[in-house]
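The values are calculated or read from the model by the stated rules, or taken from the named source; none is laboratory data. All figures in this text were calculated on a predicted structure; none of them were measured in a lab. Reconstructed Cβ throughout: ideal geometry from the backbone, glycine too, with neighbour counts over all protein chains shown. The area values use the complete protein model at the heavy-atom level, side chains included, leaving out ligands, DNA and RNA. Shrake-Rupley method; radii C 1.70, N 1.55, O 1.52, S 1.80 Å.
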Amino acid sequence: SVRSFAKKVGYPILVKAAAGGGGRGMRIVEEAGALEAALESAAREAQAAFGDGRIFVEKYLARPRHIEVQILGDSYGKIVALGERECSIQRRHQKLIEESPSVAVDENLRARICDAAVRLASAVDYRNAGTVEFLLQDGDFYLLEVNARLQVEHPVTEIRFGCDLVAEQLRIAAGERVSDPAVPRGATIECRI
């Protein structure tokens, strides 16, 4: 139950719309007395915004960094990770600045996060371009979501790795093998204005 989950991880917790995005249907719950009202209002907003009132809860991280890993998986079981993008600068849960590499991720942490993304994708026989998103706080990272598509910020990875992710996605769809990623060069920043 939601109450037992909240007791296990501790408050605050975050209520989120299952079919949502962009911060719609999200509520931060600071204490048990506010839980019922948050569940009801998040479900109402989710139904109005997405036509789906389902919600879920997760541990709330007060000041996390938003780190995502670009992945490619082919029909032969090969999954590659093309580094991380940092998307922590946001306005109302909408990404404004995307950069690679993240200044908060050292080589050890990068290896751990990319390994986690590859293991997750391998566990579900993932075939496509995609993004595994994590929240990073105090040296620990938590799975946020997987986007089974290219995202607006994919050129950040393309420039840094010297690749064409759209072409890779088409090659995967045609049954070809994923290319090994090139060695990343420099740093890339994208700004949404």
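Seen from Glu40, the other residues with C-beta closer than 15 Å to its C-beta sum to a net charge of +3, counting Lys and Arg as +1 and Asp and Glu as -1.
Under the combined filter of DSSP loop state and at most 13 neighbouring Cβ atoms within 10 Å, the stretch 1-82 retains these GluC sites (Glu not before Pro): Glu30, Glu31.
Report in % the part of the accessible area of the chain that belongs to carbon and sulfur, leaving out ligands and nucleic acids; probe 1.4 Å. Walk me through the numbers before you get to the answer.
Details: 5470 of 10380 Å².
Answer for the chain: carbon and sulfur cover 53 percent of the accessible area.
Taking θ as phi - 60°, what are the ³J(HN,Hα) couplings along the stretch 168-177 by the Karplus curve (6.51, -1.76, 1.60), each to the nearest whole Hz, with x for Gly and Pro? Once θ is set to phi - 60°, the couplings for the stretch 168-177 become 4, 4, 5, 5, 4, 4, 7, x, 8, 7 Hz. Between Glu30 and Ile97, the modelled labels are 2.9 nm apart [label points 7 Å from Cα along Cα→Cβ]. Stretching the chain fully between Val152 and Tyr11 yields a gain of 47.4 nm (0.36 nm per residue, less the alpha carbon separation). Take every pair of alpha-carbon atoms less than 8 Å apart whose residues are at least six positions apart; their mean separation over the length of the stretch 88-176 yields a relative contact order of 22 percent.
Pairs of Cα atoms nearer than 8 Å and 6+ residues apart set the relative contact order; for the chain it is 19 percent.
Helix 107-123 sits at what angle to the longest principal axis of the chain, using alpha carbons and giving 0 to 90 degrees rounded to 10? Approximately 80 degrees, to the nearest 10. Straightening the chain between Arg112 and Ser4 buys 35.9 nm, computed as 0.36 nm per residue apart minus the Cα-Cα spacing.
In loop segments of the stretch 1-83 as defined by DSSP, the chymotrypsin sites (Phe, Trp or Tyr not before Pro) with at most 15 further C-beta atoms inside 10 Å of their C-beta are Tyr76.
Any idea of the accessible area per residue across the stretch 41-193, 1.4 Å probe, to the nearest Å²?
Working: 8180 Å² over 153 residues.
Using a 1.4 Å probe on heavy atoms only, each residue of the stretch 41-193 averages 53 Å².
Which FRET efficiency value, to the nearest 0.05, do you get for Ala173 and Leu143 by plugging their Cβ-Cβ distance into 1/(1 + (r/R0)^6) with R0 = 22 Å?
Numbers: r = 26 Å, r/R0 = 1.17.
Between Ala173 and Leu143 the formula returns 0.30.
Does anyone have the angle between helix 35-50 and the longest principal axis of the chain? Alpha-carbon axes, 0 to 90°, nearest 10? Tilt relative to the chain: about 50 degrees. Ordering Gly23, Ser75, Tyr126 by Cα displacement along the dipole of the chain toward the positive end leaves Gly23 in first place; charges were set at the Cβ atoms of Lys, Arg (+1) and Asp, Glu (-1). For the chain, the Cβ-based charge dipole about the Cα centre amounts to some 400 debye (Lys, Arg positive; Asp, Glu negative; other atoms uncharged). Distance between the pseudo-spin-label points of Phe50 and Ala187 (7 Å out from Cα toward the beta carbon): 3.4 nm. Across the stretch 24-34, computed HN-Hα scalar couplings (Karplus, 6.51 cos²θ - 1.76 cosθ + 1.60, θ = phi - 60°) run 6, x, 9, 9, 8, 10, 7, 7, 4, x, 9 Hz from first to last residue, x flagging Gly and Pro. Given DSSP loops and a limit of at most 16 other Cβ atoms within 10 Å, what is the longest stretch of the chain that contains no such trypsin sites (Lys or Arg not before Pro)? The reported range is 93-148.
Of all lysines in the structure, the ones whose alpha carbon falls short of 18 Å from that of Lys59, not counting any fewer than 8 places away in one chain, are Lys7, Lys8, Lys16. Label positions at Val166 and Arg119, each projected 7 Å from the Cα along the C-beta direction, are separated by 3.5 nm.
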